[in-house]
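See structure below.
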Amino acid sequence: MGIYVRVSTENQVDDGYSIGEQTDKLKKYCDIKDWNVANVYTDGGWSGSNIKRPGMELLIKDVKEHRIDTVLVYKLDRLSRSQKDTLYLIEDVFNANDVAFISLNENFDTSTAFGKAMVGILSVFAQLEREQITERMRMGRIGRAKAGYFKGGPTPPFGYDYIDGELIINPVQAEIVKQIFTEYDSGMSLSHLTRKLNNEGHIGKNINWHYTVVRQTLTNDDYIGNVHYLGVSYEGRHKAIISEKVFKHVQSELKRRQIAAYEKFNNPRPFRAKYMLSGLLRCGRCGSSMSSQFSNNSGHLNGRRISYYVRYHCVSSRPSKLHGAFTTPRKDSCDLPTYSAIELEDKVLGKINALAKHPERVASLFHHKSQKIDTEPLKERLLDIENQTERFMDLYGSGTISIDKINARIVKLNAEKEAIQNKISQAENQGPELAASKMKEKLAEAPKIIASDNYQEQAKLVRSLIDRVLLNGNRMTIKWHLEW
């Protein structure tokens, strides 16, 4: 016999659910039944919303190792408040290992047909109670927002401190917020503004500014004295940093510039010309390529779709597709998170800029190239291409294949042949010193190109310097292009 007891809050002690009271009542019940208690599994201060609890995990382990034959709890919701978890424990853990389950308060056990039926019914009500608690908490947060209080959390909006449940203006940060709105409203681009803030030392912020963070600042109506919860804005109790007039004018300017960007580049991505990192990104967990995904929040413009937000995801993490709609991810899918395209581009440009400031580091990138590349396999492939070409011509001479098919195949072989010859030439004639020198020449141009706001030139720069970019959580690894 194994006894399981749990409390999640101190309030349950006052309601007769303390660990000691549960244990005492259950042991007395076992004494009456003349049952031997092998172990008491205890979880004090653990929620019943899931089964990741130390006492529960030990209980499951002992059940699977057949150390107990019965599990006794004071009340069903002590086991779990989740219908899914309750049924899992009873069906897949207890019943699967021939272990009976008994709830003292509800007076049933799973060794009877009636007890099995009652478990399913009662677990539904336990789940209902938990959902009602969640709903009451959500309504409480909505009530706070309607009353003008910030929803709370560890990170208040930049420009404010969260003190005693209210937003209080942070004087230093507030000046930066005013600068962002003023300079953007005066015509400065988002990219230029982001670089300017970082060059000034990202004052008031312990990390660098990113393009998307600057834009989110410009659209955050917290700065005109509002608070929001679940996408709805309410009049707040805190002081505004930006006037409503300036805020509205900036929103109009953001919209005007995004339409101008679309018309200039014929591009579904406003604020950027397209695809700087397409084909360069790789998943650092499973090795798959990364694919871009657009979310369309504003319909169509001039008869064409506009997508304002671009994110990259590992192709192995894509959800299953069913009848044209995406469902939940497959069980075997990669767990790499999605990434903002703009943030990735800014980070890559930042790494190039950092290397350009220290050209002496370039030589170390080529140290492994001091070893001569083995070109013999490439030369063997060239011979194989020559032999294939001759065989195709023999087939044409015998009349077994048409000249059109012959030409198409030979064109492909010749393209491969040229690429291999270039590779052999680079390996035999271009040493690491020459390659490093050429890379330094390209890097010398980098700061000017990055500062130019010319997206096409920035994309060309990235593709000339970088072979691939590996992403793994918050870690980005640049694999530089070392063939020059």
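Table for the structure above
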| quantity | calculated |
| --- | --- |
| Ranked by how many other beta carbons lie within 10 Å on average, peptides 155-161, 405-411 from highest | 155-161, 405-411 |
| For segment 249-257, 3J(HN,Hα) per residue [Karplus equation, 6.51 cos²θ - 1.76 cosθ + 1.60, θ = phi - 60°, Hz, x = Gly/Pro] | 5, 5, 4, 5, 5, 4, 5, 4, 5 |
| Ranking of 228, 313 by count of other Cβ atoms within 10 Å, fewest first | 228, 313 |
| Sequence-distant residues sharing a close amide H with residue 39 (under 5 Å, placed H) | 3 |
| Least to most buried among 238, 481, 192 (fewest other Cβ within 10 Å first) | 192, 481, 238 |
| Placed amide H near residue 71: partners under 5 Å, 5+ positions off or other chain | 2, 100, 101, 102 |
| Cα-Cα over 20 Å, subset of 357/479; 146/239; 146/248; 347/479; 357/448 | 146/248 |
| For residue 188, residues with placed amide H under 5 Å, excluding near neighbours | none |
| Prolate/oblate/rounded label for segment 174-255 (Cα gyration tensor, a/c 1.5) | prolate |
| HN-Hα J in Hz across segment 135-148 - Karplus 6.51, -1.76, 1.60, θ = phi - 60°, x for Gly and Pro | 5, 5, 5, 5, 5, x, 5, 4, x, 5, 5, 4, 7, x |
| Karplus-derived HN-Hα couplings along segment 22-36 (A = 6.51, B = -1.76, C = 1.60, θ = phi - 60°), whole Hz, x at Gly and Pro | 4, 4, 4, 5, 6, 5, 5, 5, 5, 4, 4, 7, 6, 9, 8 |
| Ascending count of other beta-carbon atoms within 10 Å, so fewest first, for 137, 1 | 137, 1 |
| Residue 407 versus residue 134: modelled label distance in nm, points set 7 Å from Cα along the beta carbon direction | 6.6 nm |
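FYI, it's all coordinate maths here, none of it is from the lab. The structure displayed is predicted, hence computed values, not measured ones. Note: ideal-geometry Cβ built from the backbone for every residue, glycine included; neighbour counts use all protein chains shown.
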